Structure formats: C-alpha cells, structure tokens
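Here's the structure we're looking at; comments come further down.
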Amino acid sequence: MKSTAEIRQMFLDFFHSKGHEVVASSSLVPHNDPTLLFTNAGMNQFKDVFLGMDKRSYSRATTAQRCVRAGGKHNDLDNVGYTARHHTFFEMLGNFSFGDYFKRDAIHFAWELLTGEGWFNLPKERLLVTVYATDDEAYNIWANEIGIPQEKIIRIGDNKGAPYASDNFWQMGDTGPCGPCSEIFYDHGNHIWGGPPGSPEEDGDRFIEIWNIVFMQFNRLSDGSMEPLPKPSVDTGMGLERISAVLQHVNSNYEIDLFKTLIQNTAKVIGISDLQNKSLRVIADHIRSCAFLIADGVLPSNEGRGYVLRRIIRRAVRHGHMLGAKEVFFYKLVQPLICVMESAASQLTKNQKQVEETLKVEEEQFLKTLERGLLLLDQELIKITDNQLSGDIAFKLYDTYGFPFDLTADVCREKNITVDEAGFNRCMEQQRRRSRESDNFSVDYSTTIQFDGQTEFLGYEQDELMATVVAIFQQ
Ligand code: ATP
Ligand code: MG
Ligand code: MG
Ligand code: MG
C-alpha cells in the first residue's frame, strides 16, 4: 500500500513526466496578496502568472502546496472533528497550465493518473464527475473521450440538472479570470451515509470530492460581463489526505498512515489509550496548522492572522484538557509531526525550536484561565433552558478567561447548545466603545500639556489628539 509521502511524490512525478516544472510549496502567508488571510489553494502563488503580470520560464507547473482553511473565505475550522474529510491544514496537489494546455489535456491527465495501471489504478466505476451546467465541452470530453457513463456526469449550477448546488463556477475575485470547474468524486460505498454531488445528502462522507479542475476561460469585467481569455489556463487541486484515504482503502482522512501515526503519538503524549476519541483527531489536525503557521512566521496575537492561530491553539489545548492532559503537551507534538510529514516538513524542521517555544508559552498562558473558564461555563450550561448560551456569558468567557468565541461554541456544540453570536458581538462592540472612551482619559492632560478649548472635541478627533500626545511623549 502506498504511503502518503509516496502518493505526494507520485503526483509530482506524474506531472513532471508530462512536462510540468516541479515548484516548491509557497508559505502559508501569501506574499503577493494582502486580501488573502492564508494560502488556501495551490494557485495562490501563481495568481500574478494567471493574470499575466508575472512571467515564468515554464508554462506548466506542479506543486504540493500547504494550505490552511481557517478563518477567511474558506473556513473549515468548524468542520474539523465533524467530517471525515476536512482539515484546517492540508496539502493540495496541483497541476497548472499558464495559457498552455486546456480542457482536453487537463481531463486526460487527471484520468490517466487516477486510473492508469502504473499510477493510482483506481476502479473506474467508483468515480463520478461534475461539470458546470453549461459546459458542454467538458461534458463531451468526459462522455465521449473518457467514456464515463452519462449518469455519472452531473451538471452543477444554473439550476440545470442539479438544483441544490451551484459552486462549479470559479472566480478569482469580483473581476478577473474565472471559469467553469469539473470535479472528480470517489464513491466510498453504500455502507457510508451520503449522496452524490448535487443531491440533498451530498454533505455526507460517502461521495468525497477528491479533485477540482478549474478552467480559466473568461475575464470578468467590472460591469459583470465576461469576455473570453485569449489564452485560457488550467488550475487544479486535489487534497493529498483525501486521495491517500482512497488509495489506502479507508473512508476517513484521519485513518491514513500519516494521521494514524500522529494520533498514536498524540495519545502517548497525553497518556490516553482510546485512539478513536474525537478530540485526538482535532488535536492532530490542529498541531499541523499551528506548527506550520508559526514556522511560516505567524505569531499568536489578538488580531488578524495571529488571532486565528491563537484560536486554533486554544481549541487544541481545550481538547487536550478534556482528555485529561496533566501538563503542557501541545508543543511536544511538533517532533512527531515532523516525522510524519517527511519531505513536506523542511520549513518546520528549520524553525522547530521557535515553533515549540511559541506553542509552549501560548499554552502555559491559556492554562492559567482555562479551568476557571470551563467551570463558569459548566455552571451556566446547567441553567440553560432554551438550548442557547447568552452572548453575555460568551463575552465574559472571552474577556476574562481568554476563550475565543468559537472555542465556547465548540464546547456548546458537543452538548447541542448554540451560542448567541449577535449578543456576543454587541458586547464586543460595547467594550470597544468603552475602551475608546477610557483611552481618552488614560493620560492626565491637565498636568502635562494645556489643551485649552480642545477637550470638547469627541470621537475620532479626540483620537488624533491622543496620537499627538503620544508622539510628544515619544520624542
Ligand atoms: P469541499 O466541498 O469538500 O469542502 P472544496 O470544494 O471547498 O471541498 P476546493 O476549493 O475545490 O475544495 O479545493 C480543491 C481540493 O482540495 C478539494 O477537492 C479537496 O480534495 C481538497 N480540500 C479542500 N478543502 C479541504 C480541507 N478543508 N481539508 C482537506 N482537503 C481539502
Ligand atoms: Mg470547502
Ligand atoms: Mg466542494
Ligand atoms: Mg471543490
């Protein structure tokens, strides 16, 4: 049976043999796109190449790209622990054509890799595909050239064929390159709950999307109209953990070799024996995103990228606490993680010490308030009658005990209780207002500088005044 490391390498070798340049994964912090929270797809590092603003010496590329989907547009944090197929951190295998080949080759390549005897050799009858509702070109390639039976080619979007979903059209932004997708699904068998893409049960884990092939075909203009791109391109993404699950004959990503070993090590570090425990999977998932984010330069903080990282760390620590971890444990998983990531671990290996130290400090800090916060939460949960925790309590947990909102929601979800998010946000807003007001009084103006007649200004003007005062102090 092929290991995850072998599968990653086989993918790159296959596309190398088809004339693709093997390009290294880029950082999780996108260097060329301030609108993007974290790298969440293989194409991110090639955005400017697709836009024609950057030229490369090659027109075909292949990568195994580390991705994080937590926070931002694609947020899979809440799926972790609940589906067999979503992670906060995963590797996306991709092949790219920059104005080189288009639909025909992209589809033939994908099929050859998935079903070819020397390659993944998957049983063809287990595969089904979707195309965008109006994309007859892709439909005909699948039907006539590849020979997929019609009932296994599902048109998605535009309410034609499959009315439940319409996400088979990809776009980079409100304007710019866009085009139809064709996705490949694997049927794990009728012993698992779930329906084919486009059906009401598609959220189950039976039919799992393994590969998305995007045909960048149009340029969307600011008036919403689309013009054909002179040189259409291809962008694809296949989840390494999902294809590994298929090739290793397991339904859940958490049962592949990489995760099995990581989960065993996590259980050992924490000191529990039940390897099926859901919290172990959550922790094994979270150490990957946290360790790689820090290795790529993100530090825990109270805003932006750093706050997403902090939220993931605290969730992991809470799950460790639930398993009865007696001492600081999370940083001890960095070494086992490096071992299972093999060739994808280099950035982490380089920064191992800093990553461990950062995780350790962050966990120690959170442990000071975790237990008391959980106690308060338990007391409140007992009182609940309408299955909803109030925003006030969620805010108190946040403000006094350092519980990110989604951590509280995660605890509550285990007990089928929701949290009043709007109420929480109102408390946050009130606090912001209060702190803006109190900021204005944090310096005693009267004894430092005379601001005669100016103190009646309120709001942002007062902030400007404050900035001037600070600037004077700093001189
Ligand atoms: P899904 O519908 O399952 O959430 P997606 O359509 O959001 O997946 P794409 O944006 O098309 O995913 O990404 C390309 C591929 O990356 C997917 O086909 C899948 O194999 C993989 N992938 C996407 N999200 C995740 C995730 N959170 N964890 C693991 N693999 C993922
Ligand atoms: Mg998704
Ligand atoms: Mg999808
Ligand atoms: Mg998709």
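The values are calculated or read from the model by the stated rules, or taken from the named source; none is laboratory data. Since the structure is predicted, the reported quantities are computational estimates derived from the model, not experimental observations. Using ideal geometry, Cβ is built from the backbone for each residue, glycine included, and neighbour counts are taken over all protein chains shown. These accessible areas exclude ligands, DNA and RNA; they are computed on the full protein's heavy atoms, side chains included. Shrake-Rupley method; radii C 1.70, N 1.55, O 1.52, S 1.80 Å.
Name the residue farthest towards the positive end of the dipole of the chain from the options A106, M92, W119, assuming +1 on Cβ of Lys and Arg, -1 on Cβ of Asp and Glu, about the Cα centre. With unit charges placed on the Cβ atoms, the residue in question is W119.
Residue pairs exceeding 31 angstrom between C-alpha atoms, taken from K326/K396; K2/K332; K124/K332: K124/K332.
Calculated from the alpha-carbon coordinates, region 54-166 shows an Rg and a Dmax of 16.8, 43 Å respectively. Treating the angle as unsigned and between 0 and 90°, give the value, to the nearest 10°, between the Cα long axis of helix 460-474 and the longest Cα principal axis of the chain. Roughly 80 degrees, rounded to the nearest 10.
Spin-label pair E414-E303: with each label point 7 Å from Cα along the Cα-Cβ axis, the two points sit 3.3 nm from one another.
How about K350: which aspartates and glutamates have a C-alpha closer than 17 Å to its C-alpha, ignoring those fewer than 8 places off in the same chain? Hits, sequence-local ones excluded: D296, E342.
Note on the chain: helix-only mean residue ellipticity at 222 nm, from DSSP H runs of 4+ residues weighted -39500 (n - 2.57) and normalised by residue number, equals -13000 deg cm²/dmol.
Got a sec? Charge dipole of region 167-316, +1 on Cβ for Lys and Arg, -1 for Asp and Glu; which of L221, T261, Q171 is way out at the positive end? Of the options given, the answer is T261. Annotation: region 326-376 has a Kirkwood hydrodynamic radius of 12.2 angstrom, from the mean reciprocal C-alpha pair distance. Loop-located trypsin sites (Lys or Arg not before Pro) in region 294-370 (DSSP state other than H, G, I, E, B) with a sparse environment of at most 10 neighbouring Cβ atoms within 10 Å: K326. Scaled against 2.2 N^0.38 Å for its residue count N, the alpha carbon radius of gyration of region 167-316 is 1.34.
Compute, for the chain, the length of the dipole vector about the Cα centre, with Cβ point charges of +1 (Lys, Arg) and -1 (Asp, Glu) only. Units Debye, rounded to 20. Don't skip to the end; give the middle numbers.
Details: 49 positive and 66 negative charges, 244 e Å.
Rounded to the nearest 20 debye, it is 1160 debye.
The stretch between E227 and E437, if pulled fully straight at 0.36 nm per residue, gains 70.5 nm over its current Cα-Cα span. Once the gyration tensor of the Cα atoms in the chain is diagonalised, the equivalent ellipsoid follows with semi-axes of 43, 29, 23 Å, ordered largest first.
Which of the trypsin sites (Lys or Arg not before Pro) found in region 383-434 are loop residues per DSSP with 13 or fewer other Cβ atoms within 10 Å of their Cβ?
Sites meeting the loop and neighbour criteria: K415.
Summary: within the chain, the longest segment free of GluC sites (Glu not before Pro) located in DSSP loops with at most 15 other C-beta atoms within 10 Å is 1-116. The figure for M53 is an accessible area of roughly 140 square angstrom, using a 1.4 Å probe on the protein chains alone. When I287, I272 are compared by accessible area at a 1.4 angstrom probe, the order from most to least is I272, I287.
Taking a straight line from the alpha carbon of K231, these lysines sit under 27 Å away, with near neighbours fewer than eight places off in the same chain left out: K18, K47, K55, K103. For S27, the accessible area of its heavy atoms, probed at 1.4 Å with every protein chain present, is near 40 square angstrom.
For region 114-270, carbon and sulfur atoms together expose 45% of the accessible surface, with a 1.4 angstrom probe and every protein chain in place.
Which chymotrypsin sites (Phe, Trp or Tyr not before Pro) in region 180-225 sit in a loop by DSSP (not H, G, I, E or B) and have at most 12 other Cβ atoms within 10 Å of their own Cβ? Spell out each step's value before the answer.
Working: sites: F185, Y186, W193, F207, W211, F215, F218; in loops: W193.
For chymotrypsin sites (Phe, Trp or Tyr not before Pro) across region 180-225 that sit outside H, G, I, E and B with at most 12 neighbouring Cβ atoms in 10 Å, the list reads W193.
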